Amino acid sequence: MQDGDLVGVQRTLAPVLRAKALDNRLTDPILGDEYAELAMRRLDPAYESRRFGTSQIGLSAVARAKAHDDWARGFLADHPDAVVLHLGCGLDARVYRIDPPATVDWYDLDYPSVIELRRQILPPREHYTLIDSSVTDLTWLERIPRGRPGLMIAEGLLPYLTETEIRRLLTSVVDAFPTGQIQVDTVSVGAWRMSKWDPVGRRYNALFRSGFDDPAALADWHPRLEYVDEAPMNDAPVLMSKAPATVRRLYRLMNLIPGFTRSTRIVRFRF
Ligand SMILES: C[S@@+](CC[C@H](N)C(=O)[O-])C[C@H]1O[C@@H](n2cnc3c(N)ncnc32)[C@H](O)[C@@H]1O
């Protein structure tokens, strides 16, 4: 299987993976993910020769990944018996970056063709299961162990789901665990509306299907769900200190555009 077998929204995994691969080449990287470089080269051996193939503009996505990693590490330190649901995982190597103890059971979920690619590119490990399913077909939740703390991570996924699908997903995950943490990122209503002009989304036929100006309000969907906090992305200190100077200047300029800084919000909930 090659990346040519991916269709629509599945192809959105590539730009994020490329950003993580390029980050790994920085002298002082944000993530330092060797698997990202390996996976990107397997996905598209000629990626650097493509248009914008070595552009570091996507580094804000790496700052987003770092925020999710840091939150996940904190949760797993406090809950070493947790079950992790990493939804819309793409080819992200979070389980290898975090390297949880054997007491944690980790599930990576994405569409079957993405999971097939993962099987070919990334190594298996103990206490780690791949689920090949659409996240919206909630029968996959029946395969997950109950009675333990749950950690749900959805990086770059929610904007591709409708509000109704997100609501069903979040409430079902809360119902499945006695306690836990949910980490997501959402786009603003403006970014959702603008996405129909986004050249990458149009090329991949993968437009955003939801947007939220107040993602904290998602907690209102379930009586046990509580908003905790947000992490910065487009003005993240780690981006502004580690990105190459040209990229930092570009983000400083773009952050002057009204609405840009908070066009993506990285949000944490607990229950
Ligand atoms: C922007 S990529 C992010 C990939 C990965 N989380 C990362 O940050 O590198 C979005 C991912 O969500 C997956 N996705 C989108 N809709 C999905 C659905 N309904 N069910 C399962 N996966 C989905 C895509 O296949 C893709 O891998």
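The values are calculated or read from the model by the stated rules, or taken from the named source; none is laboratory data. Note that the coordinates shown come from a computational prediction; the quantities given were computed from them, not determined experimentally. Cβ atoms come from the backbone with ideal geometry, glycine included; neighbour counts cover every protein chain shown.
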Quiz prompt | Meets criteria (more than 16 Å from residue 67 (Cα to Cα), among the hydroxyl-bearing types (Ser, Thr, Tyr) and out of contact with any Pro (no Cβ under 7 Å at 6 or more places or on another chain)) for residue 246 | solution = yes
Quiz prompt | Restricting the stretch 104-150 to residues that are in a loop (DSSP other than H, G, I, E, B) and near the ligand (Cβ under 9 Å from one of its atoms), the residue that is surrounded by the fewest Cβ atoms within 10 Å (Cβ to Cβ) | solution = 137
Self-check item: Residues within the stretch 157-180 that are part of a helix (DSSP H, G or I), touching a strand residue (DSSP E or B) at 6+ places or on another chain (Cβ under 9 Å) and closer than 21 Å to residue 195 by Cα, tallied
Solution: 3
Quiz item: Which one of these is among the small types (Gly, Ala, Ser), within 12 Å of the ligand (Cβ to nearest atom) and either more than 28 Å from residue 243 (Cβ to Cβ) or at pLDDT below 95 (or both): 88, 53, 4, 58?
Solution: 58
Quiz item: What number of residues within the stretch 172-208 satisfy the criterion of being buried (at least 17 other Cβ atoms within 10 Å of the Cβ) and of a type outside the set (Phe, Trp, Tyr)?
Solution: 16
Exercise. Filter the stretch 7-50 for residues that are more than 13 Å from the ligand (Cβ to nearest atom) and either in contact with a strand residue (DSSP E or B) (Cβ under 7 Å, 6 or more places away or on another chain) or closer than 28 Å to residue 133 by Cα (or both) and give the result.
Key: 34, 37, 38, 41, 42, 44, 45, 47
Practice problem: Give the stretch 20-63 a look and list any residue that's under 18 Å from residue 90 (Cβ atoms), charged (D, E, K, R) and outside any loop (DSSP other than H, G, I, E, B), or say none. | Solution: 20, 23, 34, 37, 41, 42
